[in-house]
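The values are calculated or read from the model by the stated rules, or taken from the named source; none is laboratory data. In this text the structure is predicted, and so the values were computed from the model without any measurement. Cβ: placed from backbone, ideal geometry, glycine included. Neighbour counts: every protein chain shown. Quick note on the areas: whole protein, heavy atoms, side chains included, nothing else; ligands and nucleic acids left out. Shrake-Rupley method; radii C 1.70, N 1.55, O 1.52, S 1.80 Å.
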Amino acid sequence: MANTPQAKKRIRRNQRRAEINGARIGRIRTFVKKVEAALAAGDKSAATTALAAAQPEMARGVAKGVIHRNTASRKFSRLTKRVASLA
């Protein structure tokens, strides 16, 4: 158990940050799911617009330190490849 005031403050701060970061990760997942739904439907124009909306969200997650730069890059690359493969 935390005894010092600073340790207690860190616990409070970490809980707040975990909530905020969780919301950010959830937002990124939502945008990625929109792209995947459009891919499953086979709608290239919808997938392209959803991908264009998902890319800044992933970049924002990287800038905020929520996801790693390489993770975002890998996800975006794979989604782009799948969208490009649609006829």
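Solvent-accessible area of the stretch 34-85 (1.4 angstrom probe, protein heavy atoms only): carbon and sulfur portion equals 53 percent. In the chain, if the dipole is taken from +1 on Lys/Arg beta carbons and -1 on Asp/Glu beta carbons about the Cα centre, which of 83, 14, 68 is farthest to the positive end? Positive-most Cα among the choices belongs to 14. Legend: helices of the chain (whole DSSP H runs) are marked when their alpha-carbon atoms reach 18 angstrom or more along the helix axis and their mean Kyte-Doolittle hydropathy is at least 0.0; marked are 44-64. Rounded to the nearest 500, the helix-only mean residue ellipticity at 222 nm of the chain stands at -30500 deg cm²/dmol, with each DSSP H run of n ≥ 4 adding -39,500 (n - 2.57).
What's the ranking of 13-21, 67-75 by average number of surrounding C-beta atoms within 10 Å, highest first? Kindly include the intermediate steps, with their values, before the conclusion.
Working: 13-21: 10.9, 67-75: 14.0.
Going from most to least packed, we get 67-75, 13-21.
Within a straight-line Cα-Cα reach of under 16 Å, residue 64 can be paired with the following aspartates and glutamates, leaving aside sequence neighbours fewer than 8 residues apart in one chain: 19.
Between residue 1 and residue 81, what is 0.36 nm times their sequence separation minus the Cα-Cα distance? Round to one decimal in nm.
On the way: separation 80, 0.36 × 80 = 28.80 nm, distance 4.90 nm.
Going from the current span to full extension adds 23.9 nm.
The mean sequence separation of alpha-carbon pairs under 8 Å and at least six residues apart, normalised by the residue count of the chain, gives a relative contact order of 28 percent. Fully extending the segment from residue 37 to residue 10 would add 5.8 nm, taking 0.36 nm per residue of separation and subtracting the current Cα-Cα distance.
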